[in-house]
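Asker: One structure coming up, written as structure tokens, with questions to follow.
The values are calculated or read from the model by the stated rules, or taken from the named source; none is laboratory data. Every value quoted in this text rests on a predicted model; they were computed, and no experiment measured them. Here the Cβ is made from the backbone with ideal geometry for all residues, glycine too, and neighbour counts use every protein chain on show.
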Number of protein chains: 2
Amino acid sequence: MTQPLIRHAEPSDYRPVIAVVDEWWGGRRMANMLPKLFFVHFRNTSFVAEYNDQLVGFVIGFVSQTFLTEAYIHFVGVHPEFRKGGLARMLYEKFFAAVETLGCRTVRCVTSPVNKGSISFHHPIVEDYDGEGEDRVLFSKNLNDMRIERHA
Amino acid sequence: MTQPLIRHAEPSDYRPVIAVVDEWWGGRRMANMLPKLFFVHFRNTSFVAEYNDQLVGFVIGFVSQTFLTEAYIHFVGVHPEFRKGGLARMLYEKFFAAVETLGCRTVRCVTSPVNKGSISFHHPIVEDYDGEGEDRVLFSKNLNDMRIERHA
């Protein structure tokens with residue numbers, strides 16, 4: 001099996017992503033949290049993965065404008081049939097490489113406690129982080145650690 | 001009457017803003033479109049206005065990472081009792097000054113067709129811009145035009 005192709009996100013990727021995002025998240029209403037602006041104004045740090053011209057994954061992120069050496073991942077999604085094959089890692093690697101070039105040393109992301117697959121018990125849950133009833137788990141890693149982990 | 005005080009947005013402003021945003025938008029569900037990340041990672045281009053320590057307005061925006069000389073306004077909100085007093089203009093001016101310092105020459109924003117007050121008939125409506133049923137109106141101005149308009 002050939003590898004999915006990963007390329008920078010474009011505004012025209014917005015509709016295909018929005019069309020699948022709720023389904024990929026197991027039915028949660030996610031689309032409102034992903035306005036088109038990310039596909040317009042953060043293309044250099046956002047990527048989509050395609051396999052046979054079909055969308056199979058994406059990562060949407062940016063460089064913090066408050067903390068110039070920090071990058072932030074807003075959304076990462078992988079088609080259910082393409083999970084456990086390393087595609088999420090490939091998307092992360094593309095993002096890490098892009099933000100490292102832009103001077104970042106740390107990557108942060110925030111996820112919801114329902115994402116049990118991506119949360120270790122060591123990460124505290126912050127209640128109401130994204131509004132009432134919207135608890136979140138906050139992650140951060142520095143890019144050197146990422147590199148070590150990748151190569152281990 | 002003294003002027004509202006305008007200062008940079010902080011993460012602690014997130015809850016007060018989210019608590020009022022649906023009401024300020026006449027009951028529309030807006031809170032999901034404004035995740036906390038803007039109050040963390042785009043503080044240098046986001047501002048809140050306070051009057052007697054009460055939140056009365058805010059502007060949330062950023063510099064495009066795709067187009068480095070463009071800035072984008074994601075949200076502008078003013079307390080219903082403080083409208084028509086020039087507060088929105090004061091918030092825009094703060095934003096324009098901040099992004100001009102960062103090298104921007106153009107400001108863009110997107111609004112919903114229900115915001116009749118902010119739309120002239122010359123702006124086309126883009127159907128489904130932010131997903132199915134989410135029509136938007138796109139604005140853009142260059143900062144020199146803004147200056148002329150301000151001083152006229």
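Asker: Does any residue of the stretch A:106-115 turn out to be assigned to a loop (DSSP other than H, G, I, E, B), within 13 Å of another protein chain (Cβ to nearest Cβ) and of a type outside the set (Phe, Trp, Tyr)?
Answerer: As a first pass, look at the stretch A:106-115 and keep what is assigned to a loop (DSSP other than H, G, I, E, B): A:112-115.
Narrowing the set further to residues that are within 13 Å of another protein chain (Cβ to nearest Cβ) leaves A:112.
Applying the additional criterion that residues be of a type outside the set (Phe, Trp, Tyr) yields A:112.
Yes, some residue in the stretch A:106-115 is assigned to a loop (DSSP other than H, G, I, E, B), within 13 Å of another protein chain (Cβ to nearest Cβ) and of a type outside the set (Phe, Trp, Tyr).
Asker: Please enumerate the residues belonging to the stretch B:83-103 that are touching a residue at least 24 places away in the same chain (Cβ under 8 Å) and either under 16 Å from B:ARG7 (Cβ atoms) or buried (at least 18 other Cβ atoms within 10 Å of the Cβ) (or both).
Answerer: B:LEU87, B:ALA88, B:MET90, B:LEU91, B:TYR92, B:GLU93, B:LYS94, B:PHE95, B:PHE96, B:ALA98, B:VAL99
Asker: Here are B:PHE75, B:PHE67: which of them is surrounded by fewer than 18 Cβ atoms within 10 Å (Cβ to Cβ) and within 14 Å of chain A (Cβ to nearest Cβ)?
Answerer: Working: B:PHE75 fails: surrounded by fewer than 18 Cβ atoms within 10 Å (Cβ to Cβ).
The conditions single out B:PHE67.
Asker: If you take the residues of the stretch B:15-31 that are crowded, with 19+ Cβ neighbours inside 10 Å and within 8 Å of chain A (Cβ to nearest Cβ), which of them is modelled with the highest pLDDT?
Answerer: B:ILE18
One line per residue, one yes/no per condition, for (1) within 12 Å of B:HIS79 (Cα to Cα); (2) in contact with a strand residue (DSSP E or B) (Cβ under 6 Å, 6 or more places away or on another chain):
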{"position": "B:VAL17", "(1), (2)": "yes, yes"}
{"position": "B:GLY27", "(1), (2)": "no, no"}
{"position": "B:PHE39", "(1), (2)": "no, no"}
{"position": "B:GLU50", "(1), (2)": "yes, yes"}
{"position": "B:GLN54", "(1), (2)": "yes, no"}
